[in-house]
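Chemist: I have a structure here, written as structure tokens, and I will follow up with some questions on it.
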């Protein structure tokens, strides 16, 4: 009898085999036939679970990130002082753990032999979360972030919508730009998220209005005479407003 868990087990076996293959040869060296052979299935079975090579690689990446996340502690979002203010941080090494314990004023945690390894910190994750949040919740969001970043600890503020426009990193990267809309008025809009050293930035135009480019397209590109465009407008074929039929 085939259980429901069997397909998931086979899928995981394929992911682990591909993970080992990539670890040895890199992404360019991944051979799906060799992955299938290692698990003891044919290539058709592998394609049943992963129709493309890209989908297999994506599964491997998810597996790798899952392994990485499970070793991190403390790691998560912690409440800061104020209404709905949070910071996110992650301790990735013993050195960062030592720095964090010093930053939050907990030499007792730093001296605890149970917490000197990643495995030990993971076993005591709830206790560490409470200690970290006890410190962050007594400080402003940006004060906490600056204090931890100064000690080399990966830490960022979790920004609400009203904070984004004034965030120094957002401003420095020009990630928001002002758009002038003829109906809505001025508003902030996400800018192009990437930059090129030799390519001019493309400024976004406001969304098109209904019929805004009728003359440019029909007259300029398609050479429809002005008289014909007027006739189409009078007949309701084109226009600048909706006409509901009854």
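The values are calculated or read from the model by the stated rules, or taken from the named source; none is laboratory data. Please read all numbers here as calculations on a predicted model, not as lab measurements. Please note: Cβ atoms are built from the backbone with ideal geometry, for glycine as well, and neighbour counts cover all protein chains shown.
Chemist: So which helices (runs of 4 or more DSSP H) are wholly in region 23-122 and hold at least 2 residues that are surrounded by fewer than 19 Cβ atoms within 10 Å (Cβ to Cβ) and touching a residue at least 40 places away in the same chain (Cβ under 8 Å)? So that I can check it myself, show each step before the final result.
Modeler: Details: elements: 32-39, 43-49, 53-70, 94-103, 107-111.
Once the helices (runs of 4 or more DSSP H) in region 23-122 are filtered for at least 2 residues that are surrounded by fewer than 19 Cβ atoms within 10 Å (Cβ to Cβ) and touching a residue at least 40 places away in the same chain (Cβ under 8 Å), what remains is 53-70, 94-103.
Chemist: Related question: Could you please give the count of residues in region 140-192 that are under 17 Å from the mean Cα position of the chain (by Cα) and either closer than 30 Å to residue 101 by Cα or surrounded by 14 or more Cβ atoms within 10 Å (Cβ to Cβ) (or both)?
Modeler: 13
Chemist: Here is a further query. Which condition number in (1) loosely packed, with under 13 Cβ neighbours inside 10 Å; (2) at pLDDT 90 or above is the one that residue 7 fails?
Modeler: Failed condition: (2).
Condition check ((1) within 30 Å of residue 89 (Cβ to Cβ); (2) in a helix (DSSP H, G or I)) across all residues:
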| residue | (1), (2) |
| --- | --- |
| 144 | yes, yes |
| 151 | yes, no |
| 171 | yes, yes |
| 198 | no, no |
| 203 | no, no |
| 211 | no, no |
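Chemist: Considering region 153-169 alone, what residues qualify as being in contact with a helix residue (DSSP H, G or I) (Cβ under 7 Å, 6 or more places away or on another chain) and either in contact (Cβ under 8 Å) with a residue 24 or more places away in the chain or farther than 30 Å from residue 91 by Cα (or both)?
Modeler: 153, 155, 156, 157
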